[in-house]
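Everything below concerns the one structure shown next.
Since every read-out is calculated from the coordinates, none of them should be taken as a lab result. Note that the coordinates shown come from a computational prediction; the quantities given were computed from them, not determined experimentally. Using ideal geometry, Cβ is built from the backbone for each residue, glycine included, and neighbour counts are taken over all protein chains shown.
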Amino acid sequence: MSNSLKRKYFGTTAAFVGALLAATAAGAQEPIKIGVVTPLSGSYAPIGKQVRWGAELAVKEINAAGGVKGRKFELLFEDEEANPPVAVRRAEKLLQQDKVHLLTGTVNSGSTLAVGQVAQRNDRLLITTVSYSPAITGTQCNPNVFRVNANAFMQSNALVNWLVKNVSGKRYFFIGPDYEMGRSTIAAFRADVKRLGGNDVGAVFPPLGAKDFSPYFGQLRAARPDVIMTATAGNDTVRLITQMRDYGLLSDELTMAGASGAVTQENIGAMNGAADGFAAAAGYSVDLDTPANKKFVAAFRAAYHADPDLFAADTYGLFYLLKQAIEKAGGTETAKLREAMRGMKWETPQGTKQIRAGDHQAIMDMYIVRIDGDTFRTAGKVEGEIAIGPDKCEQF
Amino acid sequence: MADALAYLHFVVVPQVIDGLIIGVTLALVALGLTMIFGLLHVINLAHGELYMLGGYAALALIGWGSGYWGALVLVPLLVGLAGWGLEELGIRPLMPRPDRAIVTLLLTFGVSLMLRDAAQIVWGTQTYSIEAPLTGVVEFGGVFLPTYRLLVLGVGVGAIAVTWWLLYRTRLGAVLRATAADPAMVASLGIPVRWVYAFTFVFGCALAGLAGVLLSPIYAVFPTMGHDFLIMAFAVVIVGGMGSLFGAVLAALLLAQVHSIASLWIPPVWAQTLVFVVMLLVLIVRPAGLFARLGKA
């Protein structure tokens, strides 16, 4: 508590001092205040850190190059603690006390939905760069909410699109931890496999944190799958994949694939190469071989001595969208800004993105990353138009 | 036909072998439980926590540098020692009471809660994993098995064989069986029945400790690990016949197979329920279990 408070006040003070300095430098030009409600403490803090770094790097670059028609960006951070009620309180504070022009940073999908309503009541926009839930730009879409990162549907759809084109076998088997997230991820995979012509040969749902997966291998062997898609994460993935190896279930004929959180930098080392060839889809991969990405990665590493991940890349890209949209709208007035962003195309380290006017979801290319030993390598790309799927938003 | 054979070979056989390994470890826990009941008429509800102690003792010993093999030898001795403490301080003073079945049940239940909480205080609620000492894979005829599971099978079968030899081929075993049949007569022959009881209790606990070390690399170590396993062990003891050694081993193998084979078609979590359905059926048809008690056969 005291730590996060200290950090918060420090952040606010620093931002305030920065604003004063910026104001003196740029003359009487009013800064563009961006409220960043993101987890700065708790288990999602590493995500919040990447969001913060991505935002700060973009703002530093844009302000150094003269800002947006002379106006500078100013960032105000608040800790959402990945907790919707807290996020709502902090967002209210940013909107009413600090008078920010726009909100971003929410991570937890529940926070994004709740803060979106707060933004709507205050006639401001919220743009998420992290939340996955398809509902945010689907069944629960909101005219004041935009998303510039890939949602869960796009990840699953892109992955299955790539698998049906690149794996000759058509038999798909699914493994998901037995709770809401695991079940819904597997349901999405199965729907995509069915729609795209794969053959669903069964699924198992071991409890979250299962120690021994061997009782499940009987059903797995009987299904004779060509592809196994998993929604496990962390140590569950480690146990699943190492036990599959120990029972002789991994082979060159079997393709392992899964949600982007299944194999990560944190658990890849524990598998001793057993995860080799594992495929996942993500909106960003640090090894993307484009000049824009190389420039971004070099600047990021120089500033923070760490690699950017998808959260940093999506947040970084957002500020270039804002710059372009504010220039086009001629200011930060919400209605004009919304109109300007609808259908807008802009350049990011991930390639060209475009906001779909119908649901405010960014259309973006999806990358297939495969594991090669202990590193992730980009193995393919699925065009944004294919990955994004139908517009399910009916509210506007 | 070829398809059916392939199904048998690559699907059923690995599942049966996996069930066999689980069955043998289940038999280790159930053997101790049923021996103690057969001889002392004590239902040891702390048995699962002694299994848990086996896991934590292995964790501590390996942490202090004993290595896995050192832990495999030392842990049953340590858990046996803990069992001796429980017998000496808790069970023995209650043995002369006519209602000892019920008071020892309450005592061991209390002890099980204390041990579980103690483990939580000392080691916390998190799950610890123990590295398996053997990491390779063994293949025979297209069926793959982790080498460590074969070790578990070997040690488990060995421990069951030693128990059988001790009970049916040694003088000590003869005394044990005689005590189960008629403790008053054995005492009148000048044999210290007290020590026979203590030995049986300690030996049963050591078996639980051994199962704890053997299974900790597979199931990991956490405070409620014993509780989950004990429920299965009780089903085994009830199906096999309370107090029957042969029954416990056979029922352990049988119930593990029911679980394993059923898992081919239904989720393994439901298959666990099926095990208890089998237990209920046995209780309805043969309330005394499949086999007779120790000392009655």
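Determine which single condition A:T128 fails, assuming it passes every other condition in (1) touching a Ser or Thr at 6+ places or on another chain (Cβ under 7 Å); (2) among the hydroxyl-bearing types (S, T, Y); (3) surrounded by fewer than 22 Cβ atoms within 10 Å (Cβ to Cβ).
(3)
Quick one: which residue in B:G23, B:G32 is within 15 Å of the chain's Cα centre (by Cα), within 14 Å of chain A (Cβ to nearest Cβ), assigned to a helix (DSSP H, G or I) and crowded, with 17+ Cβ neighbours inside 10 Å?
One residue alone meets the criteria, B:G23.
I'm checking my understanding of the structure. Among residues of segment B:68-107 that are under 20 Å from B:V152 (Cα atoms) and without any contact (Cβ under 8 Å) to a residue 60 or more places away in the chain, which one is surrounded by the fewest Cβ atoms within 10 Å (Cβ to Cβ)?
B:V73
Can you go through A:D212, A:D236 and tell me which one is free of Cβ contacts under 8 Å to residues at least 40 places away in the same chain, of a type in the set (D, E) and either within 14 Å of chain B (Cβ to nearest Cβ) or in a helix (DSSP H, G or I) (or both)?
Only one candidate qualifies: A:D212.
Inspect all residues belonging to segment B:254-273 and state whether any of them is of a type in the set (V, I, T), more than 11 Å from chain A (Cβ to nearest Cβ) and without any contact (Cβ under 8 Å) to a residue 40 or more places away in the chain.
Scanning segment B:254-273, I find at least one residue that is of a type in the set (V, I, T), more than 11 Å from chain A (Cβ to nearest Cβ) and without any contact (Cβ under 8 Å) to a residue 40 or more places away in the chain, so the answer is yes.
Is it true that B:T224 is among the β-branched types (V, I, T) and within 14 Å of chain A (Cβ to nearest Cβ)?
Yes, satisfied.
The rows are residues; the columns are (1) in contact with a Gly (Cβ under 9 Å, 6 or more places away or on another chain); (2) within 14 Å of chain A (Cβ to nearest Cβ); (3) surrounded by 12 or more Cβ atoms within 10 Å (Cβ to Cβ).
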{"position": "B:G142", "(1), (2), (3)": "yes, yes, no"}
{"position": "B:Y148", "(1), (2), (3)": "yes, yes, yes"}
{"position": "B:V152", "(1), (2), (3)": "no, yes, yes"}
{"position": "B:V155", "(1), (2), (3)": "no, no, yes"}
{"position": "B:I160", "(1), (2), (3)": "no, no, yes"}
{"position": "B:L166", "(1), (2), (3)": "yes, no, yes"}
{"position": "B:R169", "(1), (2), (3)": "no, no, no"}
{"position": "B:P183", "(1), (2), (3)": "no, no, yes"}
{"position": "B:V186", "(1), (2), (3)": "no, no, yes"}
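Being of a type outside the set (S, T, Y) and either in contact (Cβ under 8 Å) with a residue 60 or more places away in the chain or more than 14 Å from chain B (Cβ to nearest Cβ) (or both) narrows it down to one residue among A:G218, A:G258, A:G248, A:G202; which is it?
A:G258
Residues in segment A:179-195: is at least one within 14 Å of another protein chain (Cβ to nearest Cβ), surrounded by 17 or more Cβ atoms within 10 Å (Cβ to Cβ) and in a helix (DSSP H, G or I)?
yes
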